[in-house]
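Colleague: I am attaching a structure below and will ask some questions about it afterwards.
The values are calculated or read from the model by the stated rules, or taken from the named source; none is laboratory data. Note that the structure is a prediction, hence the values are computed from the model and not measured. Heads up, the Cβs are rebuilt from the backbone with ideal geometry, glycines too, and the neighbour counts pull from every protein chain shown. Quick note on the areas: whole protein, heavy atoms, side chains included, nothing else; ligands and nucleic acids left out. Shrake-Rupley method; radii C 1.70, N 1.55, O 1.52, S 1.80 Å.
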Amino acid sequence: MRLAELSARSGVSTATIKFYLREGLLHPGRRVTATQADYDEGHLRRLRLVRALIQVGRIPVSSAREVIAALQDERMDLHQRLGTATWALPHGPEPDETDPATEAARRTADALMERLGWHRDNACDRPSAAPAYGMLVTAIAALSRLGYPCDVEHLEPYARAAERIAVSDLDLVERCGTPDEQVEAAVALTVLYEPVLLSLRRLAEAEESRRRFDGK
């Protein structure tokens with residue numbers, strides 16, 4: 001397909017597609033003349049991923065470029081490519097090492113992960129813990145400072161629910177065709193489904209509140 005058709009099918013303007021090409025977010029098309037190139041379904045799929053990262057996930061172009069580079073690194077297996085790509089996604093603040101609550105929060109996080117049988121460096125082969133682990137420590141420290149329950153027993157039900165969600169996520173990813181398509185889908189769904197999870201949790205809490213407290 002030519003650039004105009006790619007634009008029409010993807011909903012991305014030709015100017016934006018050209019920008020993505022210049023920034024390395026979209027691989028070049030097959031050159032057919034000095035001024036025209038031909039694009040395929042792979043370009044369309046990549047455009048959907050880039051839109052998910054930048055427009056929905058509000059990820060800077062530089063970070064999106066890191067994600068794309070990880071997707072294209074065929075030296076890694078599927079688990080490593082997925083981990084490296086999700087590593088490049090935006091994350092919450094790092095733990096405050098000057099906060100006395102941080103060390104206790106780290107012990108709680110480690111105890112929780114040990115109980116679950118999870119690995120701290122799950123994302124890929126890196127010398128430090130995955131960013132999501134740091135987010136967990138920061139969140140537990142905040143709960144502790146404010147006096148809310150945050151021990152392993154209180155956190156475990158949330159972790160078990162997350163396990164079930166992860167199974168559903170990767171079941172969906174496995175239905176994609178090639179490894180490249182699977183990694184792209186996993187990253188896109190990570191970005192696109194997080195608002196779904198947040199909204200469903202709030203709706204479920206409202207429904208449970210109605211069931212428990214309505215009329216009391």
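Colleague: Which of LEU146, PRO179, ALA101 sits farthest toward the positive end of the charge dipole of the chain, with +1 on the Cβ of Lys and Arg and -1 on the Cβ of Asp and Glu?
Modeller: So the residue we want is PRO179.
Colleague: Still on this structure: With no solvent and one point on each alpha carbon, what is the Debye value of log10 I(q)/I(0) for segment 87-216 at q = 0.16, 0.20 Å⁻¹?
Modeller: One equal scatterer on each Cα of segment 87-216 leads to -1.01, -1.35.
Colleague: May I ask you to evaluate 6.51 cos²θ - 1.76 cosθ + 1.60, the Karplus curve with θ = phi - 60°, for each residue of segment 58-71 and list the ³J(HN,Hα) values in order in whole Hz, giving x for glycine and proline?
Modeller: 6, 8, x, 4, 4, 5, 4, 5, 4, 4, 4, 4, 5, 4
Colleague: Share of Cα-Cα pairs in segment 1-71 beyond 19 Å, in percent?
Modeller: In whole percent, the share of Cα-Cα pairs in segment 1-71 beyond 19 Å is 27.
Colleague: Each label point is 7 Å from the Cα along the Cα-to-Cβ direction; what then is the distance between the points at GLU181 and ARG201, in nm?
Modeller: With each label point 7 Å from Cα toward Cβ, the separation is 3.2 nm.
Colleague: Turning to a different aspect of this structure: With springs connecting C-alpha atoms under 10 Å apart, model the chain as a Gaussian network and identify which of LEU49, LEU172, LEU89 has the largest mean-square fluctuation.
Modeller: Highest fluctuation among the options: LEU172.
Colleague: Could you list log10 I(q)/I(0) for segment 30-84 at q = 0.24 Å⁻¹, which the Debye formula gives when each Cα is one point scatterer?
Modeller: -0.98
Colleague: So, R0 is 45 Å and r is the distance between the beta-carbons of LEU44 and ARG145; what FRET efficiency does that work out to, to 0.05?
Modeller: After rounding to 0.05, the efficiency reads 0.40.
Colleague: A follow-up question, please. Run the dipole for the chain about the Cα centre, Lys and Arg Cβ at +1, Asp and Glu Cβ at -1, nothing else charged, and hand back the magnitude in debye, nearest 20.
Modeller: Values: 29 positive and 33 negative charges, 181 e Å.
So the magnitude is around 880 debye.
Colleague: Return one whole number: the accessible area per residue of the chain in Å², for a 1.4 Å probe.
Modeller: 62
Colleague: Something else: At 1.306 mPa s and 10 °C, plugging the Kirkwood radius over alpha-carbon pairs of segment 1-156 into Stokes-Einstein gives what diffusion coefficient in µm²/s?
Modeller: Rounded, D is 87 µm²/s.
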